[in-house]
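Colleague: Below is a structure I'd like to ask you about.
The values are calculated or read from the model by the stated rules, or taken from the named source; none is laboratory data. These numbers were taken from a predicted model, which means no experiment stands behind them. Here the Cβ positions follow ideal geometry from the backbone for every residue, glycine too, while neighbour counts run over all protein chains shown. The accessibility values were calculated without ligands, DNA or RNA, using every heavy atom of the protein model including side chains. Shrake-Rupley method; radii C 1.70, N 1.55, O 1.52, S 1.80 Å.
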Amino acid sequence: MRVAAVDLGASSGRVMACEVSPAGIELTEVHRFPNGPVRLRDTLHWDVLGLYRGVLDGLAKAGPVEAVGIDSWAVDYGLLDASGALLGNPVHYRDSRTDGVAARVPDSYATTGVQVLPFNTVYQLVAAAGSPQRALARELLLIPDLLGHWLTGARVAEVTNASTTGLLDVHTRDWARGVMTRVGIEPDLFPPLVEPGTVIGSLPGGERLVAVGSHDTASAVVGVPADTDRFAYVATGTWSLVGLELHKPVTGEDSRTANFSNELGVDGTVRYLRNVMGLWLLQECLREWGDPELGPLLEAAAAEPGLTAVVDAGDPAFIPPGDMPARIAAAATGPLTSRAAVVRCIMDSLALAHRRAVRDAIRLSGQEVDVVHVVGGGARNTLLCALTADACGLPVLAGPVEAAAYGNALVQARALGALEGGLTDLRAVLRGSLAPTRHEPTGDPAAWDRAESAL
């Protein structure tokens, strides 16, 4: 079966043509296009029409396919008026409009199970209260659902992405209408929920649109080539999402204070994770430095002494764009005298954040772990993967880089009958098609303990 996987990240989008059968899966990238913020006066937006153009161009290049699935980053949305027209470009989650809003919103962790992040959808909507767009809005569609609506006319909310909003009951997998009402958000803004694997419409050419794990991390976790359930994952890219795959949420007080999210996954699973700063730290440094070649910088960073300076990679101070090297130098536990030292600080700090998240997830859930799978863009970063193995004291299996596209395509193929079985069976198809790179831990655990205590 041939399907198209549309995978939209916070810095680029891609369309993959995917051949899927029980014997294996093969991806071919047919189109890649940039994605970035656009500042209009004092507000940071997404160029959602440019993204849609990129999707259309990619689907045209993919050639004949039987189905299409779309995944993207979470929390951001478009508002539609009574005629179905989009009320302005969606606001970017890094926009400052949500500064301080979370502190004004009543806690609902026991219901939603969502980590407090300043840009969660609930805080964006509270920040927008009283605006003309909110007044005119009759429906809210998250980014992949908005693009799917433009392709097919369907208006739905896929549940894995909906679970990141802070407005979904993680126990019932339904909208948390009581939470919405308490914070002044109209429940009738939200469309019906669908589970991954639902065929939700058809494109003009007859291709079926399949709801996949439309939060890219949900698809990426399907694309983890695990052969056991005793694994942790680090889905790396602009962010690092670090956690475990569970069968029920963990919403107690210890989990809330540890700031873990219970985001829904494919086949009734829960992605129990902490969202920490990822390669955004490095991306912003490279941008500030004029986009030098990354390879030599990573080689130089690998030659630097480790753990001499670290930062808290979960610090919200690193969320906005700007002079990242200066912010890292100001927050570091030691001096940073060169670009290589800054990059080594970033790599050590990310590995340390991965370590904390993996250990906390194990402690809070009771789920044992034998291996850490690193998937997404960071899987090609050998230094980061090796340091993550050292920090966690566990083997790291790195790859695939395009885990979200793999997971997206596997769910489509199963929905249309080309594959059968559960996540174990889907991952077996994936393992037959690729071989992750293994990194064994080699470092001194006490050194990582000292670095953590310095923060």
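Colleague: Grab the strands (runs of 3 or more DSSP E) fully contained in segment 138-228, keeping just those with 3 or more residues being closer than 22 Å to residue 8 by Cα and not basic (Lys, Arg).
Modeller: 139-142, 199-202
Colleague: Search segment 359-383 for residues being part of a helix (DSSP H, G or I) and within 16 Å of residue 220 (Cβ to Cβ), and hand back the single one that is farthest from the chain's Cα centre (by Cα).
Modeller: It comes out as 380.
Colleague: So how many residues does segment 96-107 have that are open to solvent by 20 Å² or more (accessible area, probe 1.4 Å) and assigned to a loop (DSSP other than H, G, I, E, B)?
Modeller: 5
Colleague: Could you tell me which residue of segment 417-442 is least open to solvent (accessible area, probe 1.4 Å), considering only residues that are touching a strand residue (DSSP E or B) at 6+ places or on another chain (Cβ under 7 Å) and of a type in the set (Val, Ile, Thr)?
Modeller: 429
Colleague: Let me spell it out: the conditions are (1) open to solvent by less than 20 Å² (accessible area, probe 1.4 Å); (2) among the aliphatic types (A, V, I, L, M); (3) over 19 Å from residue 201 (Cβ atoms); (4) not in a loop (DSSP other than H, G, I, E, B), and residue 30 meets all of them except one. Which number is the exception?
Modeller: The single condition residue 30 does not satisfy is (1).
Colleague: Consider only pairs whose beta carbons are under 6 Å apart and that are at least six residues apart or on different chains; among these, list those whose first residue lies in segment 440-455 and is in a helix (DSSP H, G or I) and whose second residue is small (Gly, Ala, Ser).
Modeller: 445/393; 448/391
Colleague: Is it the case, given these coordinates, that residue 229 is of a type in the set (Asp, Glu), open to solvent by 20 Å² or more (accessible area, probe 1.4 Å) and at pLDDT 95 or above?
Modeller: For residue 229, the condition - of a type in the set (Asp, Glu), open to solvent by 20 Å² or more (accessible area, probe 1.4 Å) and at pLDDT 95 or above - is not met.
Colleague: Considering only residues that are open to solvent by 50 Å² or more (accessible area, probe 1.4 Å), under 15 Å from residue 239 (Cα atoms) and at pLDDT 95 or above, which ones fall in segment 284-327?
Modeller: 312
Colleague: Does at least one position in segment 126-134 carry a residue that is buried (at least 24 other Cβ atoms within 10 Å of the Cβ), within 14 Å of residue 185 (Cβ to Cβ) and not polar (S, T, N, Q)? Steps first, please.
Modeller: If we filter segment 126-134 for residues that are buried (at least 24 other Cβ atoms within 10 Å of the Cβ), which is where we start, we get none.
No, because not a single residue in segment 126-134 is buried (at least 24 other Cβ atoms within 10 Å of the Cβ), within 14 Å of residue 185 (Cβ to Cβ) and not polar (S, T, N, Q).
Colleague: From the list 412, 367, exactly one residue is open to solvent by less than 10 Å² (accessible area, probe 1.4 Å), over 29 Å from residue 283 (Cβ atoms) and either out of contact with any Phe, Trp or Tyr (no Cβ under 6 Å at 6 or more places or on another chain) or modelled with pLDDT of 95 or more (or both). Which is it?
Modeller: So the residue among 412, 367 that is open to solvent by less than 10 Å² (accessible area, probe 1.4 Å), over 29 Å from residue 283 (Cβ atoms) and either out of contact with any Phe, Trp or Tyr (no Cβ under 6 Å at 6 or more places or on another chain) or modelled with pLDDT of 95 or more (or both) is 412.
Colleague: Here's another thing I want to ask about it. Do we find that residue 400 is in a loop (DSSP other than H, G, I, E, B) and in contact with a Cys (Cβ under 8 Å, 6 or more places away or on another chain) in this structure?
Modeller: Values: in a loop (DSSP other than H, G, I, E, B): yes; in contact with a Cys (Cβ under 8 Å, 6 or more places away or on another chain): no.
The answer is no for residue 400.
Colleague: When you look at residue 165, is it surrounded by 22 or more Cβ atoms within 10 Å (Cβ to Cβ) and in contact with a His (Cβ under 6 Å, 6 or more places away or on another chain), yes or no?
Modeller: The answer is no for residue 165.
Colleague: Of all residues in segment 372-409, which are open to solvent by 20 Å² or more (accessible area, probe 1.4 Å), among the hydrophobic types (A, V, I, L, M, F, W, C) and in contact (Cβ under 8 Å) with a residue 40 or more places away in the chain?
Modeller: Listed by number, the residues that qualify are 383, 386, 394, 397.
Colleague: Here's something else I'd like to know. Which of (1) under 18 Å from residue 4 (Cβ atoms); (2) touching a helix residue (DSSP H, G or I) at 6+ places or on another chain (Cβ under 7 Å) is the odd one out, the single condition residue 89 does not satisfy?
Modeller: (1)
Colleague: Now for a different question. Can you name every residue in segment 249-298 that is touching a helix residue (DSSP H, G or I) at 6+ places or on another chain (Cβ under 6 Å), part of a helix (DSSP H, G or I) and not charged (D, E, K, R)?
Modeller: Result: 255, 266, 281, 282, 285, 297, 298.
Colleague: Can you pull out the residues in segment 329-341 that are out of contact with any Leu (no Cβ under 7 Å at 6 or more places or on another chain) and open to solvent by less than 60 Å² (accessible area, probe 1.4 Å)?
Modeller: 331, 332, 334, 336, 338, 341
Colleague: Here is a further query. In segment 115-137, which residues are in a helix (DSSP H, G or I), under 24 Å from the mean Cα position of the chain (by Cα) and of a type in the set (Gly, Ala, Ser)? Quick ask: steps written out before the conclusion?
Modeller: Taking segment 115-137 as the starting set, the residues that turn out to be in a helix (DSSP H, G or I) are 121-127, 132-136.
Narrowing the set further to residues that are under 24 Å from the mean Cα position of the chain (by Cα) leaves 121-127.
Across segment 115-137, the qualifying residue is only 127.
Colleague: Quick test for you: out of 93, 52, pick the one residue that is among the aromatic types (Phe, Trp, Tyr) and part of a helix (DSSP H, G or I).
Modeller: 52
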